[in-house]
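What follows is a short report on a single structure.
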Amino acid sequence: MRIAITSNGPGEFSGWVRPLVSALYRIAPATDVTLFFVPDDYATGREPEVAQRMFPRAHVVAPNVYLRFAVGGRVAGVPERVDVVQYLGGDLMHAARVHARLGGSNRSYKFARKNLRDKLDRVYAVDTKNADELIGLGFAAERVPIVGNLAVDGALGEAAGLFTQSAREAPIEPDGILVMPGTRRHEIANALPFFVQMAVRLREQRPDLRVAFAVSPFTSDHELARALERGGHRNVWGARGRVVPLGPGVGLAPLAGGAPFPVVRDAMRHAPDARLVVTLPGTKCIELAALGVPAIVCTPLNAPEVVVINGPLQYLDRLPFAGTFLKRAMVVVVDSRFPYTAQPNMDAGEELMPELRGTLMPAAVARRVAAYADDAAARAAASVRLRELYAGHAGAAERMARSLLEPSA
């Protein structure tokens, strides 16, 4: 069976591609997988490298090579034809282009458009709500099987150590605070210095609470060092510092002094041992919920103009004179339309993960973290509710993989 997959950024690869490809290889080891990474503003640029290291048997196509393929060029390792083209992130037009070149059954996951009703053979749904939305676009119910949220299997697999790529991590203590500062370039550049400053303030307020940072494998030590050297946008009030050796790994050493904060790479392997996690919104919130890990979700709008958003509005800040002001105002307006930014809160219809939004100050966030760390009852209740929220999704990757491998499909 030959399967081509299109994807884009770190969240889609970790949450969707990683568990699905693992399931395909586990069920049918001879499966021929070609993974196209398409151009996307959310990407870090390191996705192909990480994917090839994790799945050495797969044909991994980087975005610049995909562009050559998309305009008709030949790419070594890409088959002439495939049995299935599966969308798992990025713009749907890229999956359509791959299908036009390689043929096979054309499929999507979670997303579709009305004009694709006659072009997509199957659209896998995350849940009943998602299935109803897809059926509302005109897809027949039998073409919209509900498989579940792939990110749940991604989290369970990482927690079990299935995706570990490096043992070079600094040692961390259990029952501490684990900070996940994001993966995208603007997040590392700005949220990392912000959260390091938050950790400094938390250590001043509560030296008994140990803080560690869980950094994505898509972020290099060099990027960490550059972000701490610059300290982020002036409006984030971030810390400056250095990346220093710490045990077999590295730590983040603020210029303010004190012991460096250890860095680990496999966030979900360490998250269950933490008292709580402090994170940005994203796929990681679903993964934490699946593991029942209490979390505080921060959405800093201290510098809205550097935030990546969908569509052409992303480039508003490049307009002369008023561009930065317009981008800033647009991001704030878009954010205000959503009652929650964390997907588990959206799915539950209530704030199971406390959210902090708007212009955030590191010391104020530190106080909120300390208060939640002391509220064992609230964290225990949230843990139960979060785990229950996605319990039925476990096994989504295997269900979807078996459907993709059906000969008659």
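The values are calculated or read from the model by the stated rules, or taken from the named source; none is laboratory data. This is a predicted model, so every value here is computed, not measured. So basically every Cβ, Gly included, is an ideal-geometry build from the backbone, and we count neighbours across all protein chains shown. Calculation scope for accessible area: heavy atoms of the full protein, side chains included, ligands and nucleic acids excluded. Shrake-Rupley method; radii C 1.70, N 1.55, O 1.52, S 1.80 Å.
Just a few scattered comments:
- Within segment 232-259, restricting attention to residues that are basic (Lys, Arg) and closer than 26 Å to Arg168 by Cα, the residue that is most open to solvent (accessible area, probe 1.4 Å) is Arg242.
- Segment 359-374, residues that are open to solvent by less than 40 Å² (accessible area, probe 1.4 Å) and in a helix (DSSP H, G or I): Pro362, Ala363, Val365, Ala366, Val369, Ala370, Tyr372, Ala373
- Residue within segment 156-165 that is surrounded by 21 or more Cβ atoms within 10 Å (Cβ to Cβ), farther than 30 Å from Glu223 by Cβ and at pLDDT 95 or above present: no
- Positions within segment 118-136 being in a loop (DSSP other than H, G, I, E, B), more than 24 Å from Leu389 (Cβ to Cβ) and in contact with a helix residue (DSSP H, G or I) (Cβ under 9 Å, 6 or more places away or on another chain), in sequence order: Lys119, Leu120, Asp121
- Single residue of segment 68-116 satisfying the filter (polar (S, T, N, Q) and under 15 Å from Glu12 (Cβ atoms)) that is surrounded by the most Cβ atoms within 10 Å (Cβ to Cβ): Gln86
- The lone exception for Val331 - which of (1) more than 22 Å from the chain's Cα centre (by Cα); (2) at pLDDT below 80; (3) crowded, with 17+ Cβ neighbours inside 10 Å it fails: (1)
- Only one of the listed residues (Phe139, Phe163) is among the aromatic types (Phe, Trp, Tyr) and either in contact (Cβ under 8 Å) with a residue 60 or more places away in the chain or not in a loop (DSSP other than H, G, I, E, B) (or both). That residue is Phe163.
- Across segment 305-323, not a single residue is classified as touching an Asp or Glu at 6+ places or on another chain (Cβ under 7 Å), open to solvent by 20 Å² or more (accessible area, probe 1.4 Å) and either modelled with pLDDT of 95 or more or hydroxyl-bearing (Ser, Thr, Tyr) (or both).
- Residue that is farthest from Phe163 (Cα to Cα) [pool: residues in segment 10-34 that are touching a strand residue (DSSP E or B) at 6+ places or on another chain (Cβ under 9 Å) and crowded, with 24+ Cβ neighbours inside 10 Å]: Leu24
- Of all residues assigned to segment 375-385, at least one qualifies as being open to solvent by 40 Å² or more (accessible area, probe 1.4 Å), under 30 Å from Trp16 (Cα atoms) and not aliphatic (A, V, I, L, M).
- The requirement of being under 20 Å from Ala366 (Cβ atoms) and open to solvent by 20 Å² or more (accessible area, probe 1.4 Å) is fulfilled somewhere in segment 275-295, by at least one residue.
- Some residue of segment 340-351 being open to solvent by less than 60 Å² (accessible area, probe 1.4 Å), more than 19 Å from the chain's Cα centre (by Cα) and modelled with pLDDT under 95: no
- Odd one out for Gly104 among (1) at positive phi; (2) touching a Ser or Thr at 6+ places or on another chain (Cβ under 8 Å): (2)
- Per this entry, Ala58 is counted among residues that are at negative phi and surrounded by fewer than 23 Cβ atoms within 10 Å (Cβ to Cβ).
- Looking across segment 260-274, the residues that are open to solvent by less than 20 Å² (accessible area, probe 1.4 Å) and farther than 18 Å from Leu202 by Cα come down to Val264, Asp266, Ala267, Met268, Ala271.
- Some residue of segment 376-385 being outside any helix (DSSP H, G or I) and out of contact with any strand residue (DSSP E or B) (no Cβ under 6 Å at 6 or more places or on another chain): no
Residue-by-condition table, conditions (1) surrounded by 22 or more Cβ atoms within 10 Å (Cβ to Cβ); (2) at pLDDT below 95; (3) acidic (Asp, Glu):
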site: Tyr124; (1), (2), (3): yes, no, no
site: Asp132; (1), (2), (3): no, no, yes
site: Ile135; (1), (2), (3): no, no, no
site: Ala151; (1), (2), (3): yes, no, no
site: Arg168; (1), (2), (3): no, yes, no
site: Thr183; (1), (2), (3): yes, yes, no
site: Leu192; (1), (2), (3): yes, no, no
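- Tally of residues being in a loop (DSSP other than H, G, I, E, B) and over 12 Å from Ser7 (Cβ atoms) across segment 77-104: 9
- Residue within segment 36-54 that is crowded, with 18+ Cβ neighbours inside 10 Å and more than 24 Å from Gly182 (Cα to Cα) present: no
- Looking across segment 80-90 at every residue that is under 21 Å from Val144 (Cβ atoms) and not small (Gly, Ala, Ser), the one that is nearest to the chain's Cα centre (by Cα) is identified as Leu88.
- Only one entry of Leu356, Leu389 meets the criterion of being open to solvent by 30 Å² or more (accessible area, probe 1.4 Å) and not in a helix (DSSP H, G or I), and that entry is Leu356.
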